[in-house]
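Notes to accompany the following structure.
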Amino acid sequence: MAVPAGAALALLLCVLCCYAPAPSSAAAGDFLRCLSASVPSQLLLTPASPSFTSVLASSIRNPRFFTPGTMRPLCIVAAANASHVQAAVLCGRRHGVRLRVRSGGHDYEGLSYRSVRPEEFAVVDLAGLRSVRVDRAAATAWVDSGATVGELYYAAARADPQLAFPAGLCPTIGVGGHFSGGGIGMMMRKHGLSVDNALDATMVDASGRILDRKAMGEDLFWAIRGGGGGSFGILLSWKVRLVRVPLRVTAFTIQKTIAQGAIDAVTKWQTLAPALPDELTIRVVIQNQQARFQSLYLGTCDQLLPVMSSRFPELGMTRADCREMTWLQSALYINSGSTGQPVEALLNRTTSLSTFTKNKSDYVKQAITRESWQKIFPWFNGPSAGLIILEPHGGQVSRIADGDTPYPHRSGVLYNIQHIAFWSGDGGTAATTWINGFYSFMGQFVTKNPRAAYVNYRDLDIGQNAVVGGVTSYDSGRVWGEKYFGAANFKRLAITKGKMDPGDYFRNEQSVPPLVQTPKQVSHTSSGHENCCL
C-alpha cells in the first residue's frame, strides 16, 4: 500500500530528485525549513531547543557516545505519526541530510543517534510511536517500532496471560532495532527468533512511500527480518505471531565456582544445552571466575526436576532452586534476578549513563575442550575483567534454514557468545584492553572464515564501510557483512539494497551497500542473486 500524508508531502514527492551527497550549512538550514512545514515545532528539536539534550540522552544506553566529542545531530525529529517520518526522509533526500533512526537506543556502537565520521545528519526518534495492538483471538499483535520488548510482553500478557513473544531479555530494547537484527532470546529454542514470528511490517522507503509486506515484496520483507537496521528504510511497525505459554513456568539461577565444578559444568553444557527439550533454555554467564546458569522452562518444577537430574546432574539442581511464576514475571526475574518487583517494571524506559560498555560476539560450532576452559576462566580474574554470556541454540532456531532469513547462524551452531567489558569513570583503557585481548585469545575456539558475529551486538572493530563514488562500496561492506550474515545472505541483502535504495540514502558505518544489477545480468539469473556488479 502507498499511504498519502497530506498536500505538503505530496508536493515534496513531486519535486524530489537526487539528494546532495555532502550538504552545506545552507542545505542544513533548508532541510530544517523543509521539516518545519510538516512537523510541529514541539517535535522538531534543534540544539537551541531547551529539551534537545534531554531528549537526545533519553534513550542513550552507553555514555561512551554522549561526550563533548560525539558527533551530534542537526536536529531530532520526535515523530508522533508516520507523516513525520515521511517528511524527514523527503526533506533529507531533497537537501542532502542523512538520517539516523532510533527506537530504543541499544545500538552497541550508537549508530542510531551518532555518526563516527564528520557528517550533517538528523535523528528520527521513534519513541513516540510505541503502540501495541493485540488481537487475542488471532494471537497476533501490531507493535510500533518505538515500543520496547517489555511493553510488548506486558501488552500480550495483559490481553491473555498465556500469550507471549520470543525476544530479548532486556525490557528497554526497542522493537524496531531488535527485530531488524533477528532477535535472540530465552524462547528461541521453542519458538525461533523474533523475526521468525514476523508476519507483516510497515516502513518508509527512500522515496518517502509507506509500504506494507505486499507493497514492498518478499525480497525486501526478507531483508528487513534480520538484515540490520539503518539500511533499507525506516520501520514503523511489525505484525507478529504471539506464542502460547503455560500459566506457570519455572526459572532458576544456579552459580558454580571453579571449586564447585564450574569448568566441568560449562564443558558439558556446550553440547547438552542445544539438545535439551525445546521448552528448556539454560544460558550461562561467566564472570569473576564463576559460572551462573540461568534457566527458563516452559512448565512446572515437577516436570523440570526429572529432566535436570537425568540430563544435567552436574548442576545439582533441587526443588529449592525452582522459582515458579507467570511467564511475564519470568521475563523480569531472569533479567534482574529479583522476584520482588511488580511486572509493571517492564514498562520502565528510563536509563542510567553511569556504566560504559564495549561488546563483541562470537559463535561456537565445535565444543571447547575442558583443558581450554581451564585457560579461559583465569581471564575473568581482576578489576578490569568483564563477562561473557553464552546463549544456546538448537531447537526451533536451528531447524530453520540459514537462508530463510538474513540471520544465518542456525545449522550446527551450539551457542552464541556475547563479550562485555564495562567500566565507570576513567577505567576504559584497562577494560577495552581486556576485551580486545580476550577476544583475540578466543579466536582459536570459535567459527572461522569468517569469524561470525551477531549484528545486534554491533562491533565496528570488525569493519566499517568505505564510500566510493557517492555510495558504499560492496567490497568494504563484505569485510563486516559476511561475518554478520554469511556470504550468500550478505550478497542477497546487497542486491535488495540495490533495488530499493540504489543511491544509498540510508547509510551508516555498517549499512548494507547497494549491489546493482544491469538489465542484462538480471535476464541471465533466475534467482537474481548471482552475476552482479557494482
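The values are calculated or read from the model by the stated rules, or taken from the named source; none is laboratory data. Here the structure is a predicted model, which is why all the values come from computation and not from measurement. In this analysis, Cβ positions are derived from the backbone assuming ideal geometry, glycine residues included, and neighbour counts consider all displayed protein chains. To get the accessible areas, we keep the full protein, side chains included, count just its heavy atoms, and leave off ligands, DNA and RNA. Shrake-Rupley method; radii C 1.70, N 1.55, O 1.52, S 1.80 Å.
Amide H contacts under 5 Å for Val124: Val77, Arg100, Val101, Arg102, restricted to partners 5 or more places along the chain or on a different chain, H placed in the peptide plane at 1.01 Å from N. Simple rule: put +1 on each Lys or Arg Cβ and -1 on each Asp or Glu Cβ in the chain, find the dipole, and look at Gln287, Gly261, Ala452; the Cα lying farthest toward the positive end is Ala452. Charges were assigned to the Cβ only: +1 to each Lys and Arg, -1 to each Asp and Glu. The resulting dipole of the chain about its Cα centre is roughly 120 debye.
What shape does segment 314-410 take by its C-alpha gyration tensor, where a ≥ b ≥ c are the square roots of the eigenvalues and a/c under 1.5 counts as rounded, a/b above b/c as prolate, and the rest as oblate?
Since a/c stays below 1.5, the shape of segment 314-410 is classed as rounded.
Can you give me the distance in nm between label points at Asp200 and Gln444, each placed 7 Å from the Cα along the Cα-to-Cβ direction? The modelled label-to-label distance comes out at 5.4 nm.
Sorting Asp302, Asp30 by solvent-accessible area of protein heavy atoms yields Asp302, Asp30, largest first, with a 1.4 Å probe. Equivalent ellipsoid of segment 28-125: semi-axes from √(5λ) of the C-alpha gyration tensor, largest first, are 21, 14, 12 Å. Here Ala138 and Ser49 are evaluated by their C-beta separation; at R0 = 60 Å the FRET efficiency comes out at 0.90. By the helix-only formula, in which each DSSP H run with n ≥ 4 contributes -39500 (n - 2.57) and the sum is divided by residues, the chain has a 222 nm mean residue ellipticity of -9000 deg cm²/dmol. Kirkwood hydrodynamic radius of the chain, from the reciprocal of the average inverse Cα-Cα distance over all distinct pairs: 23.9 Å.
Please give the peptides 227-233, 151-157, 316-322 ranked by average Cβ packing (other Cβ atoms within 10 Å per residue), highest first, as a rough proxy for protection. Present the calculation step by step, with values, prior to reporting the outcome.
Details: 227-233: 27.3, 151-157: 24.0, 316-322: 14.6.
Going from most to least packed, we get 227-233, 151-157, 316-322.
Once a ≥ b ≥ c are taken as the square roots of the eigenvalues of the Cα gyration tensor of segment 231-321, is the result rounded (a/c under 1.5), prolate (a/b larger than b/c) or oblate (a/b not larger than b/c)? Verdict is oblate for segment 231-321.
Could you work out what % of the accessible surface of the chain is carbon and sulfur, using a 1.4 angstrom probe and leaving DNA, RNA and ligands out of the count? Intermediate values should be presented prior to the final figure.
Working: 10760 of 19990 Å².
So the carbon and sulfur contribution to the accessible surface is 54 percent.
Computed with a 1.4 Å probe on the full set of protein chains, the accessible area for Met325 sits at about 10 Å².
Peptides 346-357, 447-458, 34-45, ordered by how many other C-beta atoms sit within 10 Å of their residues on average, highest first, read 447-458, 34-45, 346-357.
Largest to smallest in accessible area, the residues Asp219, Asp196, Asp404 fall in the order Asp404, Asp219, Asp196 (1.4 Å probe, all protein chains included). Cα extents for segment 132-244 along the principal axes, largest to smallest and rounded to whole angstrom: 41, 25, 22.
In this structure the chain gives 37 Å² per residue of accessible area when probed at 1.4 Å with all protein chains present. Using only the Cα atoms of segment 53-104, build the gyration tensor, take square roots of its eigenvalues as a ≥ b ≥ c, and label the shape rounded, prolate or oblate: rounded if a/c is under 1.5, else prolate if a/b is larger than b/c, else oblate. Cα axes put segment 53-104 in the oblate bin.
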